[in-house]
Amino acid sequence: MKGVNKLRGLYAITDSKLLADGRLLPYAEAALKGGARLLQYRDKVGSAATRLREADALRELCERHGATLIINDDAELAARLGVGLHLGQEDGSLATARALLGGRAVIGATCHASIELAEQARREGASYVAFGRFFNSNTKPGAPAATLELLEQARQHVALPIVAIGGVTLDNASQLIASGASLVAVVHALFAADSASEVERRARAFSSLFAAG
């Protein structure tokens with residue numbers, strides 16, 4: 001699968017509220033300049049035309065910086081742009097998405113705090129599995145809590161890159177990496193910033209946590 005060997009490092013996830021008023025592209029590019037390996041476009045409220053325009057612009061940025069664009073929830077948009085996809089447990093069949101996008105696409109699956117869901121995702125063709133939330137999260141306050149022990153178990157039993165999501169900050173990311181996370185997915189601790197330069201600084205700091213691994 002394309003890019004699976006590169007699935008390590010910072011996984012930046014956009015937020016339509018945090019990145020409103022023209023911040024989406026400059027802040028996303030700042031995250032990529034800072035070393036983000038994956039960039040997920042997540043927008044639940046925009047029109048289809050807006051989502052296509054923004055996702056296409058993000059695809060160009062990712063190509064320029066050698067990163068992988070992931071579309072949240074929308075397999076048709078991902079197929080149209082030839083990019084990756086992330087599916088939650090209620091977002092449709094992973095196997096169907098794999099058939100649509102082909103064997104080279106990077107496709108991820110939300111597995112909450114379940115090794116069983118991760119094993120199922122692997123069988124259905126996932127490129128990576130995402131566990132969370134690990135800490136208090138602005139984005140998913142009601143999600144099931146995951147633990148560091150879960151990461152250690154997943155590292156032993158699930159033969160896929162592992163994403164840790166949910167309240168990840170510069171203060172707690174290193175323990176997630178040490179416990180087995182291949183990538184840390186970050187929203188607020190990356191993008192809730194006053195400037196693009198601050199986003200880049202934070203991205204570099206997150207990326208540096210992987211340097212020793």
query: Taking the range 162-178, which residues are farther than 20 Å from V106 by Cβ, outside any loop (DSSP other than H, G, I, E, B) and of a type in the set (G, A, S)?
result: A173, S174, A178
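Here is a yes/no grid of residues against (1) of a type outside the set (A, V, I, L, M); (2) modelled with pLDDT under 95; (3) under 23 Å from L52 (Cβ atoms); (4) crowded, with 21+ Cβ neighbours inside 10 Å:
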residue	(1), (2), (3), (4)
G84	yes, no, yes, yes
K140	yes, yes, no, no
A143	no, yes, no, no
S174	yes, no, no, no
Number of the exception - A159 against (1) at pLDDT 95 or above; (2) within 22 Å of A109 (Cβ to Cβ): (1)
field: Verdict on F134 being crowded, with 24+ Cβ neighbours inside 10 Å and assigned to a loop (DSSP other than H, G, I, E, B)
entry: yes
- prompt: Hey, among the residues in the range 193-213 that are acidic (D, E) and not in a loop (DSSP other than H, G, I, E, B), which one's nearest to the chain's Cα centre (by Cα)?
  reply: E200
query: Within the range 179-192, is even one residue closer than 12 Å to F134 by Cβ and in a helix (DSSP H, G or I)?
result: yes
query: Which number in (1) within 16 Å of the chain's Cα centre (by Cα); (2) acidic (D, E); (3) more than 25 Å from Q89 (Cα to Cα) marks the one condition that D74 misses?
result: (3)
task: Considering every residue within the range 45-56, establish whether at least one is acidic (D, E), out of contact with any strand residue (DSSP E or B) (no Cβ under 8 Å at 6 or more places or on another chain) and either touching a residue at least 40 places away in the same chain (Cβ under 8 Å) or at negative phi (or both).
output: yes
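Conditions tested, residue by residue: (1) aromatic (F, W, Y); (2) touching a helix residue (DSSP H, G or I) at 6+ places or on another chain (Cβ under 6 Å); (3) modelled with pLDDT of 95 or more.
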site: E29; (1), (2), (3): no, yes, yes
site: L32; (1), (2), (3): no, yes, yes
site: G35; (1), (2), (3): no, yes, yes
site: Q40; (1), (2), (3): no, no, yes
site: K44; (1), (2), (3): no, no, no
site: L52; (1), (2), (3): no, no, yes
site: R59; (1), (2), (3): no, yes, yes
site: C62; (1), (2), (3): no, no, yes
site: A75; (1), (2), (3): no, yes, yes
task: Would you check if there is a residue in the range 156-171 being within 23 Å of A118 (Cα to Cα) and of a type in the set (D, E)?
output: no
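The values are calculated or read from the model by the stated rules, or taken from the named source; none is laboratory data. On a predicted model such as this, the values are computed, not experimentally measured, just so you know. Note that each Cβ is placed from the backbone with ideal geometry, even for glycine, and that neighbours are counted across all protein chains shown.
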